[in-house]
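Asker: Please read through the structure below; I'll follow up with questions.
The values are calculated or read from the model by the stated rules, or taken from the named source; none is laboratory data. Since the structure is predicted, the reported quantities are computational estimates derived from the model, not experimental observations. Quick reminder, even Gly has a Cβ in these numbers, built from the backbone with ideal geometry, and neighbours come from all protein chains shown. Just the protein is used for accessible areas: all its heavy atoms, side chains included, with ligands, DNA and RNA removed. Shrake-Rupley method; radii C 1.70, N 1.55, O 1.52, S 1.80 Å.
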Amino acid sequence: MGEIWRGFVEACRLIARFDPYVVKITLFTLYVCSLATVAGMVTGIPLGTWLALHRFRGRRFLVTLVNAGMGLPPVVVGLFVYLLLKRRGPLGFLNWLYTPKAIVLAEVVLAMPLIAGITMAALQNADPRLRLQARSLGAGELGSALTLLRENRLSLLAAVIAGFGGVISEVGAAMMVGGNLLLNGEPYTRTLTTATVLEVSQGDSVRAIALGVILLGITLVLVWVMTLIQQGGWLARQVRGVLAPLSGRRGEAAR
Amino acid sequence: MRALLSVEGLRRDYQGRCVLRIDGFHLEEGKVTALVGPNGAGKSTFLRLLSLLEAPSEGEIVFWDGSRLSSLGRRERRRISQQIAMIFQDPLLFRRSVAENLAYGLRVRRMSRTERRARVEEMLRRLGLEGLAARDARTLSGGEAQKVALGRAMILRPRLLLLDEPLSNLDLPSRRELLGLISSLVREEEVTALFVSHDYHEVLEIADRLAVLIDGELLQEGEPGEVFARPASEKVAAFLGSENLLEGVVERRTEEVAFIRVGESGLTAVCDFPVGSRVKVLVHPEEVVLVPRGEEAGSARNRLPARVLEVRDAGNLVRVRLDCGFPLVAYVTRASREDMGISPGSRFTVAVKATALHVMPFTRRAAGMGLSEGGVE
């Protein structure tokens, strides 16, 4: 118990004095995970929407792939990306292995099926007449699909939370394709999870606990913020206020 | 009469089963046509075909500008469909404010923000919802929500408004209010409307034309009064709730009239059926006159002795069930019941004019009323 407490105190100390090592790892983790989540959204939301709204030959196979992808073990994804990127692999010429790009790629493979799968499930559960209604008011294929997505934005946010949660918490893939490296004494491909594993393997439980607490803290804060946006309230109104002029809806929304 | 839209040989199959087959139909411009039929008759399918939300298995739709469905390119299709608006049984409002819901179709059409705002404000005023612009549309009551759905369609100033049972989920006061609103908006904007309902009572008030769709077939179309007075078939009569649909055989005839044996008695009617034909005779209850026995029964050709079997209140009128050799129903006012002493067992003379009877061919299965189960709506 004392060890855990010491770890917690150490975490507070590291955070309070902005320990450069911890700050770097934390920023790097956030950078990699955000990039992977955004890339997962950009690919996963259209894929999930397409699978939910269209019937075509081979759809069932793709749906099975996406569903299987939602439960992919990160280590297997890491291995797969490693085999792709290693010097003699099909994408070896990119020289991405043991770079941040490799980690992002692996994490996109993890996040994309999660986001696509939840998007697909949400849209399939949505009232199909809403899309019909949008089309009967003049919206085209794309416009009506976007309307349906907007109607299901709570589920989409859940998909994004799941995708982000999936990538920030995994260690196997990041370790395998990133290598948990320091470059010139500075963290290069070291994330909070891989660093924690390293500290434990070196017998420094206190520092490992400190990193774990920071990771947990970041996850909780980000998920809390997203939940606030999802469930409405003050923050959601602020976000809408910021976004309204971008989408040109202030005219109707403000009154 | 000018047709806004015509249908030729339209057919829609689902999984190999034909659910809609309409040989010919013209939608009159500027008129409200009510399309009625039991559940599962194919009414909603017909609307989806007309609104281009679904493609027919066969057949053609000719639009106001002469363009034909079969030869519409993608862009023309969009142009046509943007002039058709549809509202459904449920309001299906979007998860946004009332004003944003109203503006949806205008934004799709890339209308400028100033014009959009002006139109939304005008529509809110016409709907009587001025105070609710910023309200989340999903927090509205059923009646208000359906008003917004109507406004969202009418704000587009469509050529054709399709209404798919928009009243059926509302309580009676909201129903009346919405019907009044639909009527005024449609007339003011001179929009052609096709109003689908399984309950003809609710649409008669605003319908200029009445079309009856049963079992996927358009059985009759015409002025509502004419359809009620002279249903084209027994199925139509039964759907329209016609009482006194009697089975008989033409026993003898002159050039103009036929004597039709019904039960132990008979009726004289104006019709063309030859002797020996099995027919159905529709006697409209409001055409049945009760006369005290021994009194003059006017010029009516049919004068039959009758015994009252049952007397029941039916709203403002009284429903009298009679036996005059066959069962017959008549409606009288409360005052007549008192004055004439109409009660079970009392005897009268029933008078019905030969011209008031409507004779139809006999069909074995009565009235497609049992088709609601498993039908595709």
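Asker: Here is a check on your reading of the model: is residue B:96 open to solvent by less than 20 Å² (accessible area, probe 1.4 Å), modelled with pLDDT under 95 and more than 28 Å from residue B:29 (Cα to Cα)?
Answerer: Values: open to solvent by less than 20 Å² (accessible area, probe 1.4 Å): yes; modelled with pLDDT under 95: yes; more than 28 Å from residue B:29 (Cα to Cα): yes.
Answer is yes for this residue.
Asker: Also, quick follow-up: What residue, among those in segment A:116-154 that are open to solvent by less than 30 Å² (accessible area, probe 1.4 Å) and in a loop (DSSP other than H, G, I, E, B), is farthest from the other protein chains (Cβ to nearest Cβ)?
Answerer: A:126
Asker: Is it true that some residue in segment A:96-111 is under 29 Å from residue B:75 (Cβ atoms) and among the aliphatic types (A, V, I, L, M)? Before you say what the answer is, go through the steps one by one.
Answerer: Looking only at segment A:96-111, we keep the residues that are under 29 Å from residue B:75 (Cβ atoms), and these are none.
Within segment A:96-111 (the criterion being under 29 Å from residue B:75 (Cβ atoms) and among the aliphatic types (A, V, I, L, M)), the answer is no, since none of the residues qualifies.
Asker: Still on this structure, please answer the following. What about residue A:62, is it over 30 Å from residue B:84 (Cβ atoms), within 14 Å of chain B (Cβ to nearest Cβ) and among the aliphatic types (A, V, I, L, M)?
Answerer: Details: over 30 Å from residue B:84 (Cβ atoms): yes; within 14 Å of chain B (Cβ to nearest Cβ): no; among the aliphatic types (A, V, I, L, M): yes.
Judged against the criteria, residue A:62 is not a match.
Asker: Do we find a residue being within 13 Å of residue B:7 (Cα to Cα), in contact with an Asp or Glu (Cβ under 9 Å, 6 or more places away or on another chain) and either more than 8 Å from chain A (Cβ to nearest Cβ) or among the aromatic types (Phe, Trp, Tyr) (or both) anywhere in segment B:93-107?
Answerer: To start, the set of residues in segment B:93-107 that are within 13 Å of residue B:7 (Cα to Cα) comprises none.
Within segment B:93-107, none of the residues are within 13 Å of residue B:7 (Cα to Cα), in contact with an Asp or Glu (Cβ under 9 Å, 6 or more places away or on another chain) and either more than 8 Å from chain A (Cβ to nearest Cβ) or among the aromatic types (Phe, Trp, Tyr) (or both).
Asker: Taking the criterion of being touching a strand residue (DSSP E or B) at 6+ places or on another chain (Cβ under 8 Å) and more than 30 Å from residue B:78 (Cβ to Cβ), would at least one residue in segment B:135-151 satisfy it?
Answerer: Within segment B:135-151, one or more residues are touching a strand residue (DSSP E or B) at 6+ places or on another chain (Cβ under 8 Å) and more than 30 Å from residue B:78 (Cβ to Cβ).
Asker: Among the residues of segment A:9-27, is there at least one that is crowded, with 16+ Cβ neighbours inside 10 Å, out of contact with any His (no Cβ under 6 Å at 6 or more places or on another chain), of a type in the set (Phe, Trp, Tyr) and not in a helix (DSSP H, G or I)?
Answerer: no
Asker: Exactly one condition in (1) over 24 Å from residue B:226 (Cα atoms); (2) part of a loop (DSSP other than H, G, I, E, B); (3) touching a Ser or Thr at 6+ places or on another chain (Cβ under 7 Å); (4) not acidic (Asp, Glu) is not met by residue B:55; state its number.
Answerer: Status for residue B:55: all satisfied but (3).
Asker: Residues in segment A:155-186 that are open to solvent by 50 Å² or more (accessible area, probe 1.4 Å) and over 19 Å from residue A:34 (Cα atoms): how many?
Answerer: Final tally of qualifying residues: 7.
Asker: Continuing with the same structure: Please tell me if residue A:106 is at pLDDT 90 or above, open to solvent by less than 40 Å² (accessible area, probe 1.4 Å), of a type in the set (A, V, I, L, M) and in a helix (DSSP H, G or I). Before the answer, list the steps.
Answerer: Numbers: at pLDDT 90 or above: yes; open to solvent by less than 40 Å² (accessible area, probe 1.4 Å): yes; of a type in the set (A, V, I, L, M): yes; in a helix (DSSP H, G or I): yes.
Answer is yes for this residue.
Asker: Next question, about the same structure. Do we have residue A:84 as modelled with pLDDT of 90 or more, closer than 28 Å to residue A:155 by Cα and assigned to a helix (DSSP H, G or I) here? Please lay out each step first, then the result.
Answerer: Details: modelled with pLDDT of 90 or more: yes; closer than 28 Å to residue A:155 by Cα: no; assigned to a helix (DSSP H, G or I): yes.
Criteria not met by residue A:84.
Residue by residue, here is whether (1) part of a strand (DSSP E or B); (2) out of contact with any Phe, Trp or Tyr (no Cβ under 7 Å at 6 or more places or on another chain); (3) at pLDDT 90 or above; (4) open to solvent by 70 Å² or more (accessible area, probe 1.4 Å) holds:
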{"residue": "B:311", "(1), (2), (3), (4)": "yes, yes, yes, no"}
{"residue": "B:322", "(1), (2), (3), (4)": "yes, yes, yes, no"}
{"residue": "B:330", "(1), (2), (3), (4)": "yes, yes, yes, no"}
{"residue": "B:342", "(1), (2), (3), (4)": "no, yes, yes, no"}
{"residue": "B:345", "(1), (2), (3), (4)": "no, yes, yes, no"}
{"residue": "B:349", "(1), (2), (3), (4)": "yes, yes, yes, no"}
{"residue": "B:355", "(1), (2), (3), (4)": "no, yes, no, yes"}
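Asker: Sticking with this one: Take the residues in segment B:78-89 that are more than 7 Å from chain A (Cβ to nearest Cβ) and either open to solvent by less than 20 Å² (accessible area, probe 1.4 Å) or closer than 18 Å to residue B:136 by Cα (or both), then tell me which one is farthest from the chain's Cα centre (by Cα).
Answerer: Per the stated criteria, the residue is B:80.
Asker: Please count how many residues of segment B:108-124 are surrounded by 21 or more Cβ atoms within 10 Å (Cβ to Cβ), of a type in the set (A, V, I, L, M, F, W, C) and at the interface with chain A (Cβ under 7 Å from one of its Cβ atoms).
Answerer: 1
Asker: Write out, first by first residue and then by second, each pair whose Cβ atoms fall under 7 Å of each other, whose residues are 6+ apart or on separate chains, and whose first residue, in segment B:114-134, is closer than 20 Å to residue B:146 by Cβ while the second is open to solvent by 60 Å² or more (accessible area, probe 1.4 Å).
Answerer: Listed pairs, sorted by first residue: B:124/B:130; B:133/A:255; B:134/A:255.
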